[in-house]
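J.: First the structure, then my questions, so here it is.
The values are calculated or read from the model by the stated rules, or taken from the named source; none is laboratory data. No experiment lies behind these values; they were computed from the predicted model shown. A quick note on method: Cβ atoms are made from the backbone with ideal geometry, for glycine too, and the neighbour counts reach across all protein chains shown. Surface accessibility is based on the protein's heavy atoms, side chains included, excluding ligands, DNA and RNA. Shrake-Rupley method; radii C 1.70, N 1.55, O 1.52, S 1.80 Å.
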Amino acid sequence: MAASQHAPTADQAPASQALDGELDDPAEEPIRRSLFGEILDWMLVPLLLLWPLSIGVTYLAAKSIANEPFDRALEDRVMVLAQQVKEIKGKPLVRLPDAAQQVLRADDIDNVYFRISGPDDEWLAGDPDLPLPPPAPDAPVQPWSVQFRYDYMRAAEVRVAWLYLNLRPPGADNGPLENEPRRALVQVSETLDKRAQLSNQIIKGVILPEFVILPIALALVWFALSRGLSPLAELQRRIRARRPDDLSPIESGQVPEEISPLVRSLNEMLERLSQTIQLQKRFIADAAHQMKTPLAGMRMQSELALRQTSQEEIHRSLEQLSKSSQSATRLVNQLLALARAENPSPQAQPMVLTELSELSRGVVQEWVQVSLAQGIDLGFEQPGHAVIVAANPIMLRELLNNLIDNALRYSAAAGSVTVRVRSDDEARRAMLEIEDTGVGIPAAERSHVFERFYRILGSNTEGSGLGLAIVREIAQQHQAEVDIFSNPHCHDPKFPGCLVRVTLPLQQAATLLEDIG
């Protein structure tokens with residue numbers, strides 16, 4: 001049975017070949033990503049995107065900073081100019097000598113213009129072509145409130161400061177026109193050359209250093225990232241420097257905190273790998289040791305048969321050779337079964353809901369002919385309801401096969417072996433029992449019989465000592481317990497019999513119906 005489970009079928013071979021072909025295809029190889037490059041991208045891309053944004057913000061801030069002092073100077077000019085406007089005998093009058101106008105217009109860079117308009121927007125003084133302010137959409141502008149705007153004068157953009165002033169102060173005696181509103185408009189403007197020069201100076205003073213700082217920042221980021229990832233390079237160097245057979249844990253004290261989980265995972269993997277290699281070495285050593293005896297017997301019987309001339313002796317030697325080959329085959333099968341139990345592959349059949357009585361009945365039927373040949377009564381008992389367990393059916397059959405094989409081997413002729421399935425609903429346990437009338441197992445030996453290749457002294461029955469070791473490994477995979485007792489139905493001191501009980505977690509029958517549905 002073990003050999004048939006490991007033999008590849010015709011359907012499996014092409015699939016494995018196709019899988020190998022896929023793995024070997026260089027076109028299907030996943031693209032490797034650089035951790036250094038990815039971190040560098042996440043750091044530099046935002047930096048390069050923010051750089052032009054910072055330039056734009058700096059430009060706006062520079063214009064605002066440049067406007068403030070010139071606006072204050074322009075405000076002072078319009079206030080001084082407004083103080084020169086008076087109303088005498090109902091007529092507005094501007095007292096502004098030529099020397100004062102020259103001082104007002106004195107500027108080395110910008111062109112300065114001014115205009116004073118009367119109550120009906122008539123020109124009183126200054127530059128008559130300076131545009132008037134737009135009409136106020138809401139409430140009129142309060143007197144002596146300086147306003148600013150951008151406008152155009154002689155095809156050049158200018159900054160204009162303007163205000164309205166009352167020509168007739170409250171309470172003044174101005175005759176019959178006292179109640180009429182009398183306001184004058186005073187405007188002073190200048191071109192934007194000085195403002196542009198100051199803005200450019202500020203921008204140059206801020207932005208030009210950024211052209212020097214940016215490459216330095218990139219170099220520092222590159223250096224810091226290389227420095228930060230150096231522990232990974234050091235870890236790689238230490239791992240590569242190891243011998244191929246060195247599976248000792250990697251020291252995690254010299255790695256950063258962020259890499260410690262990776263190192264712990266590697267150490268756990270190395271520990272599992274070391275255990276697997278130790279199991280493989282142990283399996284190979286045990287197999288080589290146990291195969292020596294049957295192979296030596298087969299060689300001896302074959303050499304003896306070659307030296308014999310009598311057909312009867314040759315036939316006897318060939319019979320012994322056949323028995324030795326059967327013993328070797330059984331030993332190999334058990335070694336393979338033990339290896340499968342100790343190292344379940346990821347492709348192994350998963351745990352499924354299984355009806356224990358049905359599985360056990362099928363296994364017992366396979367042993368009927370063997371039991372009849374040995375003159376042993378093989379029976380089966382089951383409850384009147386389903387007993388559901390979560391199990392790997394193949395491995396559970398292997399467990400039951402080994403227990404029945406042991407019971408038949410150690411039971412005398414005319415004895416009996418009973419396989420029984422029971423359940424305890426309150427304790428949620430399912431019990432598989434194998435009861436025989438053989439020589440039994442002494443209480444002092446019951447803790448040792450599960451060891452590999454362990455044989456009870458004085459036992460004359462042929463065996464490899466692997467059956468119960470296989471049972472223990474399979475039971476552990478199923479979270480089951482294996483207990484050995486004396487057969488309560490045997491009262492012969494010479495043949496006390498044995499009762500092996502495997503206790504598994506019981507599943508609800510409703511769960512099986514849901515699983516099937």
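J.: Under the Karplus relation 6.51 cos²θ - 1.76 cosθ + 1.60, θ = phi - 60°, what is the ordered set of whole-Hz ³J(HN,Hα) values for segment 43-53, x standing for Gly and Pro?
T.: 8, 7, 4, x, 5, 6, 6, 6, 4, x, 5
J.: Once phi is turned into θ = phi - 60°, what whole-Hz ³J(HN,Hα) does the Karplus curve with 6.51, -1.76 and 1.60 give for every residue of segment 211-221, x standing for Gly and Pro?
T.: Once rounded to whole Hz, the list reads 5, 8, 5, 4, x, 5, 5, 5, 5, 5, 4.
J.: Moving on to the next point. Quick one: net charge around ARG422, please, counting Lys, Arg +1 and Asp, Glu -1 for every other residue with C-beta under 10 Å from its C-beta.
T.: Surrounding charge for ARG422 is 0.
J.: How much accessible surface does ASP492 have with a 1.4 Å probe, in Å² rounded to 10?
T.: Here the accessible area works out near 80 Å².
J.: Report LYS91's accessible area, 1.4 Å probe, all protein chains in place, as a number in Å² to the nearest 10.
T.: The value for LYS91 is about 140 Å².
J.: Give the span of segment 204-274's Cα atoms along each principal axis, as three whole-Å numbers ordered largest to smallest.
T.: 66, 21, 16
J.: Ranking request for peptides 414-424, 144-154, 44-54, 391-401: highest mean number of other beta-carbon atoms within 10 Å first, then the rest in descending order.
T.: Ranked by mean Cβ neighbours within 10 Å, highest first: 391-401, 414-424, 144-154, 44-54.
J.: Oh, and also: Using the Cβ atoms and a cut-off under 14 Å, what net charge is assigned to the surroundings of LEU262, where Lys and Arg are +1 and Asp and Glu are -1?
T.: Taking every Cβ under 14 Å from that of LEU262, the sum is -3.
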